[in-house]
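The values are calculated or read from the model by the stated rules, or taken from the named source; none is laboratory data. Values in this document were obtained by computation on a predicted structure and should not be read as measured data. Cβ placement follows ideal geometry from the backbone for every residue including glycine, while neighbour counts extend to all protein chains displayed. What goes into the accessible areas is simple: the full protein's heavy atoms, side chains included, and nothing from ligands, DNA or RNA. Shrake-Rupley method; radii C 1.70, N 1.55, O 1.52, S 1.80 Å.
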Amino acid sequence: MLRLAAIVLTVVDVGLGLLMGVTRGAAFNLFGVPGPLPFYGDLLSVFLIASGLGFVPAIRQPDTYRFYIWVMGVGVKLVVASMLLKVWFSGITGGMLLLAAIGEAALGAFALWALLQRPR
């Protein structure tokens, strides 16, 4: 199950990173949030792709890379979800940002659930 979590986290992070890179951050407009300056959109893209590719060793040896999954899979995902909720509660965005927050929280919860399963 931990291997599946690493695969899902890789696909999501790399996919979002590529989306941010191709649109240079303009994909934020889909969520009703103004996009960052192009430099920061590129920087976010590099971070997302790099953090997603960081899960690749965890796909091959999930038990060895549990700490990375704890930090980047559970910690970062739940912090991002809370930050998205904070922006949504401020009332400056629509419901799409709430869906993004729920998605991030679900990814973090799935990674947490996979980490708490007993290794075989």
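Remarks
- Residue count, the range 108-120 (criterion: closer than 17 Å to Asp13 by Cα and open to solvent by less than 30 Å² (accessible area, probe 1.4 Å)): 2
Let's see how each residue does on (1) open to solvent by 60 Å² or more (accessible area, probe 1.4 Å); (2) under 30 Å from Leu116 (Cβ atoms); (3) hydroxyl-bearing (Ser, Thr, Tyr); (4) touching a Ser or Thr at 6+ places or on another chain (Cβ under 6 Å):
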| residue | (1), (2), (3), (4) |
| --- | --- |
| Leu9 | no, yes, no, no |
| Gly15 | no, yes, no, no |
| Leu19 | yes, no, no, no |
| Thr64 | yes, yes, yes, no |
| Leu78 | yes, yes, no, no |
| Ala81 | no, yes, no, no |
| Lys86 | yes, yes, no, no |
| Phe89 | yes, yes, no, no |
| Gly103 | no, yes, no, no |
